Amino acid sequence: GAVVSQHPSWVICKSGTSVKIECRSLDFQATTMFWYRQFPKQSLMLMATSNEGSKATYEQGVEKDKFLINHASLTLSTLTVTSAHPEDSSFYICSAEDPSYEQYFGPGTRLTVT
Amino acid sequence: QQQVKQSPQSLIVQKGGISIINCAYENTAFDYFPWYQQFPGKGPALLIAIRPDVSEKKEGRFTISFNKSAKQFSLHIMDSQPGDSATYFCAARVSGGYQKVTFGTGTKLQVIP
């Protein structure tokens, strides 16, 4: 099956710093990628949808200047959490859409802001 | 209109028993209904999916039943095993590209030996 990777799998950063999370589709090209956030024991919350080469579409309530998304190629999307705060600590998950429109999820990145 | 309601929130089943998770949706534009399995600290993995032109789909021990008129669908796990212990999410979306997945609230399944 299709494989989506994320890097890093976990990261700890200090408050006020920025952190970048990568999402890669390893064996298919993904025109569209999605970024989710998941709090403990909760469902996935869609943050934004990105199309290769164009600006991301953010969900209502998600600060686009805080969560910068770049989908620069058909296999890579990045999420940068800028000026991170402890409340940004969460599990971030990406998904990538294959040419048949099936979406495959990455393994997630655990962000802890101290 | 975008909600997908899922129940139960948690479920404990004996090994070998049947696990049943139910979902209901409101948006009649949804035409693709996947189920995902998520282990702690991991991303969701696609388990099985169904389209509304069929009422049932079976893959191994996993079966989806779909009732279009009631706007309900359910996941049955036959012969449940301890390795099935995970959180299960039903989901719904419109077919095609660039479509958001609307997730249910999740069911934490525990299969006890």
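The values are calculated or read from the model by the stated rules, or taken from the named source; none is laboratory data. Bear in mind that the values here come from a model prediction, so they are computed numbers and not experimental data. Glycine also receives a Cβ, built like all others from the backbone with ideal geometry; neighbour counts cover every protein chain displayed. Side chains are part of the model used for accessible areas, which takes the heavy atoms of the whole protein and leaves out ligands, DNA and RNA. Shrake-Rupley method; radii C 1.70, N 1.55, O 1.52, S 1.80 Å.
Going through (1) modelled with pLDDT under 95; (2) away from every other protein chain (no Cβ under 11 Å); (3) assigned to a loop (DSSP other than H, G, I, E, B); (4) open to solvent by less than 40 Å² (accessible area, probe 1.4 Å) one by one, A:Lys64 falls short only on (4).
Please work out if B:Lys42 is assigned to a strand (DSSP E or B), of a type in the set (D, E, K, R) and open to solvent by 20 Å² or more (accessible area, probe 1.4 Å). No; evaluated as a whole, the condition is false for this residue. From the set of residues in region A:1-35 that are of a type in the set (Ser, Thr, Tyr) and over 15 Å from A:His71 (Cα atoms), which is surrounded by the most Cβ atoms within 10 Å (Cβ to Cβ)? Here the answer is A:Ser9.
In this structure, does B:Gln9 turn out to be open to solvent by 70 Å² or more (accessible area, probe 1.4 Å) and more than 10 Å from every other protein chain (Cβ to nearest Cβ)? Spelling it out, it is not the case that B:Gln9 is open to solvent by 70 Å² or more (accessible area, probe 1.4 Å) and more than 10 Å from every other protein chain (Cβ to nearest Cβ). In region A:39-61 there is at least one residue matching the filter, namely being within 13 Å of chain B (Cβ to nearest Cβ) and among the basic types (Lys, Arg). When the residues of region A:76-106 are narrowed to those that are touching a Phe, Trp or Tyr at 6+ places or on another chain (Cβ under 8 Å) and in a loop (DSSP other than H, G, I, E, B), which ends up farthest from the other protein chains (Cβ to nearest Cβ)? Out of the qualifying residues, it is A:Thr82.
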